[in-house]
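Student: One structure coming up, written as structure tokens, with questions to follow.
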Amino acid sequence: MTTTDLDGGADRGPQPPRALIVTLLGLYVRDLGGWISVSALIRLMAAAGVDDQAVRSALTRLKRRGIVESERRDGVAGYALSGYAGRVLELGDRRIFATRPASERDWVLAVFSVPESERQKRHTLRARLSWLGFGTVSSGVWIAPGHLAQDTREALLADGLEPYVDLFRAEYLAFGDPATKVAHWWDLDALEQLYDDFLEAHEPALRRWEAAAAGKPVARPGDGEAFADHLRALTAWRRLPYLDPGLPTDLLPEDWSGTRAAETFFALHRALAGPAHDFVTAQASAARPG
């Protein structure tokens, strides 16, 4: 399970309202007791540039998928996270906010075989390994950096896929250049394009906030803007740690844009988490029952 399972993922282009809502639920609503009023949610999403009708439509789809549940508290209409969504978001925190090892040389191998009579299980297994960040050595042998071993074990158990898979820890011994092999096992060009897209979309926000913090003659963004920038950046970022397994830096191309993208995201997170949280708390409290 990954956080992108909750909103169906996101392709390049404008962020869909459902993805922004899932980010809001995961980042803030859990701290508010797992529930938020409809009116507060609409106000918050308006601050991020999403209109009322789009919010209601996205909530309907999320409810249909079992991500949120309608719940009234003291007569106030609102939504609560489902138990399933809460579990997925808790697992996602570890992956999204983790600092990746700069260099490691142990790997985890997933070796699997699924009978033809259960080919849907084969599709599910490949999709799960792909979202965990595995690269493909051959059709039934997939590989990832060793630090993903525990995440992999938990995900396969949660999905009931463990009968089809053997997991191994491994060390590459011979007979090729590991950097060349890594470029065959993962589509690094596609991944770097995603990082470049992230930088193009969110590096300007970091520069704006840095200028404001330094007292330069620019308009001081408010808490609502902090919330909107934080929400958009995290929504764009949270899928990348699943697509990028955290490969050793010495096996990646020179000037790997993933390094700068990670620095940009974490700098934005440090700068905006506080004021964004204050803004959400104020908006949610205005319509909180009791």
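Student: What percent do you get for the relative contact order of the chain when only Cα pairs under 8 Å and 6+ apart count?
Tutor: Values: 341 pairs, mean separation 76.1, N = 290.
Once normalised by length, the contact order is 26 percent.
Student: At R0 = 22 Å, how high is the FRET efficiency between L157 and A98 if r is their beta carbon distance? Nearest 0.05 is fine.
Tutor: Working: r = 20 Å, r/R0 = 0.91.
So the FRET efficiency works out to roughly 0.65.
Student: Also, quick follow-up: When Rg is the radius of gyration of the Cα atoms in region 153-290 and Rh is its Kirkwood radius, what does Rg/Rh come to? Numbers along the way, then the final one.
Tutor: On the way: Rg = 20.4 Å, Rh = 18.3 Å.
In region 153-290, Rg relative to Rh is 1.11.
Student: Let me ask another. Kindly state, to the nearest 0.05, the FRET efficiency for T249 paired with H123, given R0 = 35 Å and r defined as their beta-carbon distance.
Tutor: Details: r = 33 Å, r/R0 = 0.93.
After rounding to 0.05, the efficiency reads 0.60.
Student: Using +1 on the beta carbon of Lys and Arg, -1 on that of Asp and Glu, and nothing else charged, what's the dipole of the chain about the Cα centre, debye to 20? Walk me through the numbers before you get to the answer.
Tutor: On the way: 34 positive and 39 negative charges, 210 e Å.
I would put it at about 1000 debye.
Student: How large is Rg/Rh for region 45-192, to two decimals, with Cα atoms and a Kirkwood Rh?
Tutor: Numbers: Rg = 19.9 Å, Rh = 18.4 Å.
In region 45-192, Rg relative to Rh is 1.08.
Student: Expected output is a single nm value to one decimal: the length gained when fully extending between A267 and K181, i.e. 0.36 nm times separation in residues minus the C-alpha distance. What is it? Intermediate results must be reported in sequence, preceding the final value.
Tutor: Working: separation 86, 0.36 × 86 = 30.96 nm, distance 3.22 nm.
Roughly 27.7 nm would be gained on extension.
Student: Quick one: divide the alpha-carbon radius of gyration of the chain by 2.2 N^0.38 Å and tell me what you get. Before the final figure, lay out each step's value.
Tutor: Working: Rg = 20.6 Å, N = 290, 2.2 N^0.38 = 19.0 Å.
After normalising by residue count via 2.2 N^0.38 Å, the value is 1.09.
Student: Further, regarding this structure: What is the extension gain from Y84 to D51, computed as 0.36 nm multiplied by their sequence separation minus the C-alpha to C-alpha distance, in nm to one decimal?
Tutor: 9.2 nm
Student: Label-point separation (nm) for V111 and A190, each offset 7 Å from Cα along Cα-to-Cβ?
Tutor: Calculated label separation equals 2.7 nm.
All of the numbers you see were taken from the coordinates with simple rules; none came from a lab. Keep in mind that what you see is a predicted model, and the values were worked out from it rather than measured. For neighbour counting, all protein chains shown are included, and Cβ atoms are generated from backbone atoms with ideal geometry for every residue, glycine included.
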